[in-house]
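Structure first, then comments.
Derivation of every value follows stated rules applied to the coordinates shown; laboratory data play no part. Not measured: the values here are computed from a predicted model. Positions of Cβ are backbone-derived with ideal geometry, glycine not excepted, and every protein chain shown enters the neighbour counts.
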Amino acid sequence: MTPWGSEVIRAVALMSAGLDSLLAARIVAGLGVEVHGLHCTFRFAFGPGRERPEALAEKASAMGIRLHVQDVTDPFMDVLRRPEHGFGSAVNPCIDCHLFMIRRAKVLMDEIGAAFLVTGEVVGQRPMSQHKPTLFHIEKLAGLKRLILRPLSAHVLPVTLPEENGWVDRSRLYGISGRGRRPQETLAAELGITGYAQPAGGCILTDPFYARRVKAFIRNRGQESITPETMMLCRFGRHFWTGSGRWVIIGREEKDNESLEKLSGGRWVFEAEDTTGPTALADAVSGPEEAALVASMLARYVNRRSGDRIRVRARRGDESMRIDASAMDPADLEKWMV
Ligand code: SF4
């Protein structure tokens, strides 16, 4: 029985689409606990390799788990703006991100009367966030001391309250540690779990190419200026920071052009007028001279004979202007590319 006198032992499990969290939730559900999954989504993190929440909800439901999906993009911006424990090798604030998710889970625990939290963490698997001292540091900061059960690594960790109180049978938990994937894959096969996301389809914040763009934004505009749109824009097209500190993004393909148009907000949109070509997005264009510069950057990617001039239309809301432009020298442009 839980401290609240309930016969039903309820737990919240943090569930990404990855194998470890699926396994952890499945193991605990298999021990007779009523497991509620929490899946946090970020609007800037969609794309290939990411499982849609609906597919994850179906998988969870087949395991008898109800999945709660929360779009956490907006509150997560504070973590990106001020990561207390810093970024990892890219722009991944893993320790603060874990803490953020665990705090979200704690709110859900309180709402549904859950006795403990389940995570798929494996000791020693990730450089920053899954070392033992860090795990304990995080649970203390989240106010969940000894209340986070990590079923995959339980045997190499101190006994938690759910085990001590008999809410789960410790002998049916595991002692996996380190970076190898084989034990989890074997366990998945035993438990009949298939179709899980591969690690390569993981978090975009760990992608060095993406991180370069976000870091360039931070250098030019400051970390406090990060917004969900910034994070989304960093996914598309070619990125440049001009000598005068303008951010210019030029689409590589149709999908980029559409996304730049959708995310244009109060920025200037540039397009070639008399021919097809990419869309360019530029912020803080202060006058015709700067508009001409962006137009010449765009002209570089319009399929024309070298030296030909093109007509470019720039618009922002009700404002618009027309510019005759010839392509900028690729070597000059290269210097601004990130
Ligand atoms: S890899 Fe991404 S989602 Fe996972 S903890 Fe790090 S920042 Fe958060």
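So what is the calculated 222 nm ellipticity per residue for the chain, using -39500 (n - 2.57) for each DSSP H run with n of 4 or more, over all residues, to the nearest 500 deg cm²/dmol?
Only helices count here, giving -10500 deg cm²/dmol.
Could you give the dipole magnitude of the chain about its Cα centre, charging the beta-carbon of Lys and Arg +1 and that of Asp and Glu -1, in debye to the nearest 20?
680 debye
If the viscosity is 0.890 mPa s and the temperature 25 °C, what translational diffusion coefficient in µm²/s does Stokes-Einstein give for region 10-202 when Rh comes from Kirkwood over Cα pairs?
Translational diffusion coefficient: 147 µm²/s.
Restricting to bridges with both residues inside the chain, how much of the DSSP beta-bridge set is antiparallel, in percent to the nearest 5?
55 percent
Percent relative contact order of region 236-336, based on C-alpha pairs within less than 8 angstrom and at least six residues apart?
24 percent
In this model, which of Lys215/Lys262; Lys215/Lys255; Lys255/Lys335; Lys145/Lys215; Lys106/Lys262; Lys59/Lys255 are farther than 32 Å apart at the alpha-carbon?
Pairs exceeding 32 Å: Lys145/Lys215; Lys106/Lys262.
Taking the simple approach of a point 7 Å from Cα along Cα-to-Cβ for both Arg66 and Ala284, what is their distance in nm?
Placing both labels 7 Å along Cα→Cβ, they lie 4.8 nm apart.
Can you give the relative contact order of region 25-154 as a percent, counting alpha carbon pairs under 8 Å and 6+ residues apart?
Details: 140 pairs, mean separation 27.6, N = 130.
Result for region 25-154 is 21 percent.
Using Cα pairs closer than 8 Å and at least 6 residues apart in sequence, work out the relative contact order for the chain, in percent.
About 15 percent, as a whole number.
Give me a comma-separated list of calculated 3J(HN,Hα) values for region 92-97, in order, Karplus coefficients 6.51, -1.76, 1.60 applied at θ = phi - 60°, integers in Hz, x for any Gly or Pro.
These are the phi-based 3J(HN,Hα) values: 9, x, 4, 5, 5, 5 Hz.
Work out, in µm²/s and without decimals, the Stokes-Einstein translational diffusion coefficient of region 155-264 at 20 °C, 1.002 mPa s, Rh from Kirkwood over C-alpha pairs.
For these conditions, the coefficient is 117 µm²/s.
Strictly greater than 22 Å: what percent of every Cα pair in region 90-205 meets that?
38 percent
For the peptides 112-120, 322-330, what is the packing order when you average, over each peptide's residues, the other Cβ atoms within 10 Å and list the highest mean first?
Working: 112-120: 23.0, 322-330: 15.6.
Going by the mean number of other Cβ atoms within 10 Å, highest first, we get 112-120, 322-330.
Along the charge dipole of the chain, Cβ charges K/R +1 and D/E -1, which of Trp167, His131, Phe116 sits furthest on the positive end?
Highest projection toward the positive end goes to His131.
On alpha carbon coordinates alone, what is the Rg over Rh value for the chain, Rh being the Kirkwood radius?
That ratio equals 1.09.
Kindly provide the Kirkwood hydrodynamic radius of region 236-336 in Å, to one decimal, from all pairs of distinct alpha carbon atoms.
Its Kirkwood hydrodynamic radius stands at 13.2 Å.
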